[in-house]
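> The structure is given below, and queries will be raised subsequently.
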Amino acid sequence: MSSVLYDTPGPRARRRSILYTAGFLLVLAAAAWWVVTGLAEKGQLEWSRWAPFFTDSRVWTTFLLPGLENTLIAAALALVIALPLGAVLGIARMSDHWWVRGAAGTVVEFFRAIPVLILMLFANAAYAAFFDVSPERRPLYAVVTGLVLYNASVLAEVVRAGILALPRGQSDAARAIGMRKGQTMRYVLLPQSVTAMLPAIVSQMVVIVKDTALGGAMLGFSELLASVRPISANYGANTIASFTVVAVIFIVLNFVLTSFAARLEGRLRRGRRSTGAVVAADAVEELATPGEHVGHKPEPPARS
Amino acid sequence: MFDFLQGYDVLGAFWTTVQLTLWSAIGSLLWGTALAAMRVSPVPVMRGFGTWYVNVVRNIPLTVIIIFTSLGLFQTLGVSLGAGTFTVINFRLAVLGLIAYTSAFVCEALRSGINTVPLGQVEAARALGLGFTQVLGLIVLPQAFRSVVGPLANVLIALTKNTTVAAAIGVPEAALLMREMIENEAQLILISAVFAAGFLVLTLPTGLFLGWVSRKAAVRR
């Protein structure tokens, strides 16, 4: 698309493009200069503050890796528990009985409309008040519970979208050979929709990983972000350095997941052997929004 | 039954949430549009920057960005955004962080909208001799905006929910007050119900209203 928005540059356009490039680079350089001098003034760029991450393996083994492990454990637990719950809710939302449909719909709309932090705070206090969970385990339980409540309702919509994306002929054919509703769902629709849902599920995994950081900031869950504080306490107030390292780990981890989701989606769209049904990786933003049919992403018109 | 509400400014906290949402929405709409323009521009450096920005920001937890505005921008680089008291500084820093994060999603929504504008529109504009800024500003963006009201509504509702992250740097909005009340009062279920209801009131009507707007605004083709 970008290439149809402008003509092939002639000599004047090329000169102007060079001018813009130079101006833009100048702005970027000025911003970088301001950041670097500001950090240097506070001594945050001194090698002694960055060296531990390259020379001292204990930073990794004592703080960063255990933090990353907790992040991944919380995210994995949340996904593993939320998936079956989401599947049940999603299928219940397509039930022929109005009361099953209505109940599942209410649950899904409720938990999609509420910030995940509110759910985590509630879960944390509820575990403290009503359950016998040790204080060390409570943050993990609270984070996972909050994430499960929220993501089960998002994944319910992913499951529903996946099943609705299948061609109608699939359920027609199942009915034609005499399958019941449950059989159609179990043997025909669900197995095919799992493939269609994979990009969206991987994409939702990114959202889950990002949300675990909330537990570190607000509930005292010792995940990756929370490791900044002990590191800067032990290695000479290197807040900026440890913050940068943690941010880079998050970016790399999530970038790998995002790229994987995009590749899966591309494979499914190109695939010849499947029905071609797919829930797009970026559809999860829409499916996470409460309200029916709020914002369907517009379909681009066919290009000749 | 609702005695526990006394002594707490619940409405004030939700008003802070609304203010965070509105300022961040305006800011991220502007910065997100600029980013989208960069991503489709003829200047390769700007295209590269736009792509890099979106890829980096979308993959960082919002919590990391918000805490960085306080730890990095304010405490290390001394950025106070023209404010005097800590409450105002933290509010403005939170808005800045929310804008930085949300604009990446606005940019992607707009880019999908740009793709819906038929090729003929752009070709006709170029045949008339319009340059890139004119094609984008007069022909493409006005049509693109009308078709992305729905996706932008999703971003706005996500933003409303995301303002709770500002609690991480002590902005006195709904989630922070909820944590304080849970610690001090016994009625956990009722307190949670009040705050859940507050967010339902903020998000559900927005979704319904903007859903209606998006159907009205969409260009019929």
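> Of (1) under 33 Å from the mean Cα position of the chain (by Cα); (2) among the acidic types (D, E); (3) outside any helix (DSSP H, G or I), A:D7 satisfies all except one. Which?
Unmet for A:D7, out of (1) under 33 Å from the mean Cα position of the chain (by Cα); (2) among the acidic types (D, E); (3) outside any helix (DSSP H, G or I): (1).
> For the range B:63-84, which positions are facing chain A (nearest Cβ under 7 Å), assigned to a helix (DSSP H, G or I) and either under 24 Å from B:L159 (Cα atoms) or hydrophobic (A, V, I, L, M, F, W, C) (or both)?
Scanning the range B:63-84 gives B:T63, B:V64, B:I67, B:F68, B:L71, B:G72.
> Take B:G129 and decide whether it is in a loop (DSSP other than H, G, I, E, B) and not basic (K, R).
Judged against the criteria, B:G129 is a match.
> Assess whether B:L98 counts as being under 19 Å from A:A213 (Cα atoms) and touching a residue at least 12 places away in the same chain (Cβ under 8 Å).
yes
> Kindly indicate whether A:A152 is modelled with pLDDT under 95 and in a helix (DSSP H, G or I).
Taking the combined requirement at face value, the residue does not satisfy it.
> Which one is farthest from the other protein chains (Cβ to nearest Cβ) among residues in the range A:244-273 that are exposed (fewer than 15 other Cβ atoms within 10 Å of the Cβ) and among the small types (G, A, S)?
Residue satisfying both the conditions and the ranking: A:G271.
> Still on this structure: Does A:R263 fit the bill of being of a type in the set (K, R) and modelled with pLDDT under 90?
no
> Here's another thing I want to ask about it. Filter the range A:227-239 down to the residues that are of a type in the set (A, V, I, L, M, F, W, C) and either crowded, with 22+ Cβ neighbours inside 10 Å or at pLDDT 95 or above (or both), then identify the one that is nearest to A:A51 (Cα to Cα).
For the range A:227-239, the residue satisfying everything is A:I231.
> Another one. Which of the residues that make up the range A:19-50 are surrounded by 15 or more Cβ atoms within 10 Å (Cβ to Cβ) and under 20 Å from A:P230 (Cβ atoms)?
A:Q44, A:R49, A:W50
> Let me ask something else about it. Give just the number: which of (1) away from every other protein chain (no Cβ under 14 Å); (2) in contact with a helix residue (DSSP H, G or I) (Cβ under 8 Å, 6 or more places away or on another chain); (3) more than 26 Å from A:I163 (Cα to Cα); (4) surrounded by fewer than 20 Cβ atoms within 10 Å (Cβ to Cβ) does A:F54 not satisfy?
If we test A:F54 against (1) away from every other protein chain (no Cβ under 14 Å); (2) in contact with a helix residue (DSSP H, G or I) (Cβ under 8 Å, 6 or more places away or on another chain); (3) more than 26 Å from A:I163 (Cα to Cα); (4) surrounded by fewer than 20 Cβ atoms within 10 Å (Cβ to Cβ), just (2) comes out false.
> Now for a separate question. B:V95 versus (1) of a type outside the set (G, A, S); (2) buried (at least 22 other Cβ atoms within 10 Å of the Cβ); (3) within 13 Å of another protein chain (Cβ to nearest Cβ): which is the lone unmet condition?
Just one mismatch for B:V95, condition (3).
> Ok, one more. Answer with yes or no whether A:E136 is charged (D, E, K, R), within 30 Å of A:L224 (Cβ to Cβ) and either surrounded by fewer than 18 Cβ atoms within 10 Å (Cβ to Cβ) or in contact with a strand residue (DSSP E or B) (Cβ under 7 Å, 6 or more places away or on another chain) (or both).
Yes; evaluated as a whole, the condition is true for this residue.
> From (1) in contact with a helix residue (DSSP H, G or I) (Cβ under 6 Å, 6 or more places away or on another chain); (2) assigned to a helix (DSSP H, G or I), pick out the condition that doesn't hold for B:G12.
(1)
> Okay, next question. As an exercise: evaluate A:V143 against (1) at the interface with chain B (Cβ under 10 Å from one of its Cβ atoms); (2) at pLDDT 95 or above and give the number of the one condition it does not meet.
(1)
> Only one of A:G178, A:G169 is out of contact with any strand residue (DSSP E or B) (no Cβ under 8 Å at 6 or more places or on another chain), in a helix (DSSP H, G or I), surrounded by fewer than 21 Cβ atoms within 10 Å (Cβ to Cβ) and free of Cβ contacts under 8 Å to residues at least 12 places away in the same chain. Can you tell me which?
Just one listed residue meets the conditions, A:G169.
> If you don't mind, another one. For the range A:86-132, what are the residues that are surrounded by 15 or more Cβ atoms within 10 Å (Cβ to Cβ), among the charged types (D, E, K, R) and part of a helix (DSSP H, G or I)?
If the condition is that a residue be surrounded by 15 or more Cβ atoms within 10 Å (Cβ to Cβ), among the charged types (D, E, K, R) and part of a helix (DSSP H, G or I), then A:E109, A:R112 are the ones that fit.
> Kindly indicate the residue of the range B:194-209 that is within 7 Å of chain A (Cβ to nearest Cβ) and modelled with pLDDT of 90 or more and also surrounded by the most Cβ atoms within 10 Å (Cβ to Cβ) among those meeting that condition.
By that ranking, first place goes to B:F195.
> Any idea which of A:T55, A:T21 is at pLDDT 90 or above and not hydrophobic (A, V, I, L, M, F, W, C)?
Of the residues listed, the single one that is at pLDDT 90 or above and not hydrophobic (A, V, I, L, M, F, W, C) is A:T21.
> May I ask you to say which residue of A:L121, A:L77, A:L140 is in contact (Cβ under 8 Å) with a residue 24 or more places away in the chain, in contact with a Lys or Arg (Cβ under 7 Å, 6 or more places away or on another chain) and either over 21 Å from A:E286 (Cα atoms) or basic (K, R) (or both)?
Going through A:L121, A:L77, A:L140 in turn, just one is in contact (Cβ under 8 Å) with a residue 24 or more places away in the chain, in contact with a Lys or Arg (Cβ under 7 Å, 6 or more places away or on another chain) and either over 21 Å from A:E286 (Cα atoms) or basic (K, R) (or both): A:L121.
> While we're on this one: If B:P205 passes every condition in (1) free of Cβ contacts under 8 Å to residues at least 40 places away in the same chain; (2) within 21 Å of B:N90 (Cβ to Cβ) but one, which one does it miss?
Result: B:P205 passes all but (2).
> Looking at A:A213, A:A233, A:A241, which one is touching a residue at least 40 places away in the same chain (Cβ under 8 Å) and more than 8 Å from chain B (Cβ to nearest Cβ)?
A:A241
The values are calculated or read from the model by the stated rules, or taken from the named source; none is laboratory data. Keep in mind the model is a prediction, meaning the values are calculated, not measured. For neighbour counting, all protein chains shown are included, and Cβ atoms are generated from backbone atoms with ideal geometry for every residue, glycine included.
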